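Everything on this sheet refers to the single structure shown next.
The values are calculated or read from the model by the stated rules, or taken from the named source; none is laboratory data. Quick caveat: nothing in here was measured; it's all calculated off a predicted structure. Counting neighbours? That spans all protein chains shown, and the Cβs are built from the backbone with ideal geometry, glycine included.
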Amino acid sequence: MARRILLVEPAYSNKYPPLGLMKISAYHKILGDEVTFVKGMSPSLRDEIWDRIYVTTLFSFYWDITIKTIKYYKRSVCKTKDFFVGGILASTLGNDIEDEVGIKPFKGLLNSPGALDGGNDIVIDQITPDYDILDQIDYTYPSGNSYIAYMTRGCVNQCPFCAVPVIEPKFNNYISITNQINSIDALFGKKSNLLLMDNNVLGSNKFNRIIDELKDLGFGKGASFIPDNLFELYCNRLRKNSDDTIARKKVYSILQTFPERLKRYVDVFGRYCDVMSQFSLQEESHPDFVANVLAAYDDLSPIFEKYRNKAKKQRLVDFNQGIDARLVNELNMKKLAEINIKPLRIAYDNISLTDIYSKAVALAAKNGIFDLSNYILFNYDDNPEDFYFRLEHNIKLNNKYGTRIYSFPMKYIPVTDKNRRGYVGKHWSKKYIRAVQAIINVTKGSVAPGESFFYKAFGCDVEEFHKIMMMPEPYIMQRFASEEAGLTSRWWDEYSALEEEERILVEDRIRRNDFQVEEDERQFFGRAALSFLRHYDRTISCTI
Amino acid sequence: MESKKPVIGIFSLESLTTGMYSDPKVVYREYVQNATDAIDDAIDAGILANREAGEISVKLNSRSRTITISDNGVGLPQAKALSTLYDIGRSAKRYDKKRGFRGIGRLAGLSYSEKLVFKTSAKGEEVATVVTWDSKKMREMLRPDHAGEEDLAAVIESIVSYKTVPEDIDKHYFTVELVHVDEKFSELLNEQQIRLYLSQVGPVPFRADRFPYYSDRHSGIRKKMEELGKSLEEYYIYLNGDPNPLYKGYKTWITTSKDRDDIREIKFFEEYHENGELFFWGWYGMSSFKGYVKDPEIQGLRVRKHNIQIGSERTLDPLFSQDRFNRWFIGEIHLYDKNLIPNARRDDFEPNDTYFLFKERLEKHTKDVLSKIPALYSNINSAFLKIETSKSSLQDIENKLKNGVNSEVERDNLFKKRDQIKSNIERGKKDIEKSKSKIEDKTLVKKIAETLAETVTLEKKSNELENKIIDVEFNSHTAKALSSYSKEIRKVVYRIFEVVERELEATAAKKMQEAILDELCKGKVK
């Protein structure tokens, strides 16, 4: 008897679809089970009893919503042994989860045969993920239309700030993805981009083989592709299985949206509409919808083939977790440049890596890779001056090599920190962290390669950088407006006029981002200091 | 008989007749105060060795309705006795030193009895002076419809009589007798009530054996007073011939509104004037604050001047953030400022500048420290209770599970019960965490740590129980067949099955149920 399986992803907003659940879905479908995927909490699904429920987890800062979701569904299984919790958090904070919800999470990867059931030796991690489940929910993953894969697992390094050694303790240096990609193409249609989640691909001694496989898969330099005829694809699926509800839903949506492309061809549009009404294809709920589609196939197919979008599209590869600058050399960079990589992400986590990092950038440019992206870890054991230096260094590299490096400052949060509890690194302060975030929020988290933006946003030198960090938040975010209104200069003049002692007190407050001076503390602050702190009062708008 | 014109004092006679005090028992305080003054004077004069040698005796005779209060103090020599006991409102006492500062106090008994008889003798004199006030007659003469004397002095003259009688030359004493106490004031003759009253108000000693916080050599009240350079001002009052004197009611255990509780330690506070002189000091008992203190003789923080209580256990109520918080404490505040003067009714102080300063300084303790303690402890105690109850409630579920669960409704109820317990544990834990840092008491700190550790176990257990409830076996065949239906529908089906079982014989019922399940499994009806 087919089992009823419920897959759950808590309702956090994430960018990438839940690859693990997609594979578990594929696994259960192979076994003939019935799979339902849900994002978040659904009262009607909870109300049913499931043969199995799988809840995936992500980062520790989604702790509350994750725990709540697990508790929400916990009672909808017949036996607690049929309730599974997996994913990143399950590996990093498994014991905490168990204490909280009374379910022992599954730690690590599903990369051994028969990991979930006896009686089969399927390796779930190697199954083609089931993209269909993404159509069961309303949420759209920003990267939902990419291939997502790993060609290596684990990492050769053991960095103390990183969760990878906990989640994927063993380094696996080559996993072929060709079969996966081919079956994705066959089942769901070609995707344009390939997201590779490898933690440290350069650590693999099969690196060349990996690159060659990617080239064979159509991701060589300058790669492009023509999107598949999805009408064809889903009709084929319906032909094989008329109960394929996802294929049915997809075909219906294609039929609904396709006339957009026919607007300029009045005749064809008329013919299309005729076929639609002749075969009663306007309502998906029509009892014979699938049969009618297949009956109309011969009439519709030529129209789709001729008028569908056949424009060539760029095909990009993204080693999403970045490459390790320490492992870059002439040879592997040259090899890397053989695929259509954009952007190339290189980590610049520590100022001590400056030379190594610069060399890697130089090599990338030399091999024709100019679109670079860069994770800049901060709030760890770095200090704010380091941070400024690294950002500025990227600007300088851009000038030198003609590269376009986007910097992504990454705030360090301990792996075990639940719900972003405001960890502050030893050389950082609450105000500085907020200030950095205020600046990069404007550009959705990145620092663009341009020189003028950078020096305006972060200051011309370290001294000015500190000044900006200390600035009231509204003055940072609305820099020009507050400068024009004279607020910024008034703020600075008042600060400069403070006595040494007052300045120490005031700076302490700013660093703590705590501007509320209680009645009994007032005696320690001079009048000038108190009036200066009013700049930080959130009720004062800088548009005045 | 020597003619002597009585002098009218500062108070009108009328006030004497209607009663000066809101509480008639205050009359005892007045006479006891006078007695302590007389004992002190006797010590000063070398007649008594020390306060232990002083004796104040209070006798109640309910048959003759007489109250007798006497002391073996200095007594009044014949020459002074008459003027002292005749005049109203003119006292020789200076108000800063002595306890009873208004001569009026001596006449307090007038309002409550038919006759007030003073008898006194000083050492070295062979006579005792007896002065009698006929209060019954006085009340009659003062009635508005009474025609006759208009002159108050003349009125008094006609109601006061005196005589001298022979007395032993060595005797020294002062006795006041309230003869024929009015029916309205029968409580004055109730021994139990007067014992309670005097043990609270009177300047009586602590009982060291019942309240070791008094005598503790390192941190006791006596030691504290030594450090502050203050004398004890304790006097021995004997009631109705009881050979044991009266003591303050303080003891190490208390009855609270909730449960019996113990005084675990006492705390002190003190306030000084700007010139460094001690303004007042106080002590209060720390218990587990299970509820407010119910023992009437010790409930509430009380004010004492010269070790005599001013006002009642309610007097300091307004100095707490909520009136009711005072009742959660036991304790005393001893005042030393000569400008703090009890009012004429003796239920509070004269509202002068010193009094307002006193209030302000005392509120620092009562409002800012003490008022916060009951809420803090009450939170902690109710958290303890929550967790304690959770333990047994979890056991209840465990037992139910052992006996078997037979329906989805039963299971739902267990879930609900478990969730309630879980949230109680969580709330209890949160409350304890919140107040934890404010608790100093060592026993309690230990209990907090133990309880917090226990919550971890209990939370784990509640999760295990949840799992057991999920895993419970009943009608598994039916449950599985209905799994894709909502809970509401499942409940309806179970009810239909009950009807089937009731109406059909067993085999037929079983067959019918199977048929229904088969049908329902075929396709989900919405």
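Quick notes on this structure:
- Top-ranked residue in region B:299-347 [being in a loop (DSSP other than H, G, I, E, B) and at positive phi; ranked as surrounded by the fewest Cβ atoms within 10 Å (Cβ to Cβ)]: B:His306
- Any hit, region A:477-495, residues being aliphatic (A, V, I, L, M), part of a helix (DSSP H, G or I) and under 31 Å from the mean Cα position of the chain (by Cα): yes
- All told, A:Ser277 falls short of being assigned to a loop (DSSP other than H, G, I, E, B) and more than 29 Å from the chain's Cα centre (by Cα).
- Hits in region A:1-26 - residues which are within 14 Å of chain B (Cβ to nearest Cβ) and in a strand (DSSP E or B): A:Arg4, A:Ile5, A:Leu6
- Residue check: B:Ile432 meets all listed conditions (1) within 14 Å of chain A (Cβ to nearest Cβ); (2) under 17 Å from B:Lys386 (Cβ atoms) but one, namely (1).
- The set of residues from region A:457-477 being touching a helix residue (DSSP H, G or I) at 6+ places or on another chain (Cβ under 7 Å) and free of Cβ contacts under 8 Å to residues at least 24 places away in the same chain comprises just one member, A:Ala457.
- Region B:474-495 - residue that is at the interface with chain A (Cβ under 8 Å from one of its Cβ atoms) and aliphatic (A, V, I, L, M) and, of those, nearest to B:Ile516 (Cα to Cα): B:Leu482
- Some residue of region B:290-298 being part of a strand (DSSP E or B) and over 27 Å from B:Asp40 (Cα atoms): yes
- Tabulated pairs, region A:224-251, first in contact (Cβ under 8 Å) with a residue 12 or more places away in the chain, second loosely packed, with under 14 Cβ neighbours inside 10 Å and part of a helix (DSSP H, G or I), C-beta under 8 angstrom, 6+ apart or interchain: A:Asn229/A:Glu305; A:Glu232/A:Glu305; A:Ser242/A:Ala291
- Among the residues of region B:158-197, those identified as closer than 14 Å to B:Leu85 by Cβ and either in a helix (DSSP H, G or I) or of a type in the set (A, V, I, L, M) (or both) are B:Ile159, B:Val160, B:Val176.
- Any hit, region B:452-473, residues being within 14 Å of chain A (Cβ to nearest Cβ), under 17 Å from B:Glu398 (Cα atoms) and not in a helix (DSSP H, G or I): yes
- Residue match in region B:183-192 (condition: at negative phi, modelled with pLDDT under 95 and touching a helix residue (DSSP H, G or I) at 6+ places or on another chain (Cβ under 6 Å)): yes
- Residue selected from region A:328-338 under the condition within 21 Å of A:Leu195 (Cα to Cα) and out of contact with any Gly (no Cβ under 6 Å at 6 or more places or on another chain), by the criterion surrounded by the fewest Cβ atoms within 10 Å (Cβ to Cβ): A:Lys334
- Whichever residue in region A:368-400 is of a type in the set (A, V, I, L, M, F, W, C) and part of a strand (DSSP E or B) and, among such residues, is farthest from the chain's Cα centre (by Cα): A:Phe378
- Restricting region A:41-58 to residues that are in contact (Cβ under 8 Å) with a residue 40 or more places away in the chain and under 24 Å from the mean Cα position of the chain (by Cα), the residue that is surrounded by the most Cβ atoms within 10 Å (Cβ to Cβ): A:Thr57
For every residue, the table says whether it meets (1) of a type in the set (D, E, K, R); (2) under 21 Å from A:Phe319 (Cβ atoms); (3) under 20 Å from the mean Cα position of the chain (by Cα).
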{"site": "A:Lys107", "(1), (2), (3)": "yes, no, no"}
{"site": "A:Ser112", "(1), (2), (3)": "no, no, no"}
{"site": "A:Leu116", "(1), (2), (3)": "no, no, no"}
{"site": "A:Asn120", "(1), (2), (3)": "no, no, no"}
{"site": "A:Asp130", "(1), (2), (3)": "yes, no, yes"}
{"site": "A:Leu134", "(1), (2), (3)": "no, no, yes"}
{"site": "A:Tyr139", "(1), (2), (3)": "no, no, yes"}
{"site": "A:Tyr147", "(1), (2), (3)": "no, yes, yes"}
{"site": "A:Gln158", "(1), (2), (3)": "no, yes, no"}
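- Per this entry, B:Ala449 is not counted among residues that are within 14 Å of another protein chain (Cβ to nearest Cβ), in a helix (DSSP H, G or I), hydrophobic (A, V, I, L, M, F, W, C) and free of Cβ contacts under 8 Å to residues at least 40 places away in the same chain.
- Restricting B:Ala506, B:Ala481 to residues that are farther than 23 Å from A:Lys79 by Cβ, without any contact (Cβ under 8 Å) to a residue 60 or more places away in the chain and of a type outside the set (Lys, Arg) narrows the list to B:Ala506.
- Wholly enclosed strands (runs of 3 or more DSSP E) of region A:27-129 bearing at least 1 residues polar (S, T, N, Q), farther than 30 Å from A:Arg421 by Cα and within 13 Å of another protein chain (Cβ to nearest Cβ): A:34-39
- Taken over region B:1-57, the criterion of being on the phi > 0 side of the Ramachandran plot and modelled with pLDDT of 65 or more is satisfied by B:Gly46 alone.
- Going through (1) within 14 Å of chain A (Cβ to nearest Cβ); (2) surrounded by 11 or more Cβ atoms within 10 Å (Cβ to Cβ) one by one, B:Asp441 falls short only on (1).
- Taking the conditions (1) charged (D, E, K, R); (2) in a helix (DSSP H, G or I); (3) over 21 Å from A:Ser146 (Cβ atoms) in turn, A:Lys250 satisfies each one other than (3).
- Breaking point among (1) assigned to a strand (DSSP E or B); (2) out of contact with any helix residue (DSSP H, G or I) (no Cβ under 6 Å at 6 or more places or on another chain), for A:Arg421: (1)
- Among (1) assigned to a helix (DSSP H, G or I); (2) surrounded by 12 or more Cβ atoms within 10 Å (Cβ to Cβ) - the single one A:Val517 does not satisfy: (1)
- Residue check for A:Phe225: closer than 21 Å to A:Leu344 by Cβ, surrounded by fewer than 20 Cβ atoms within 10 Å (Cβ to Cβ) and hydrophobic (A, V, I, L, M, F, W, C): yes
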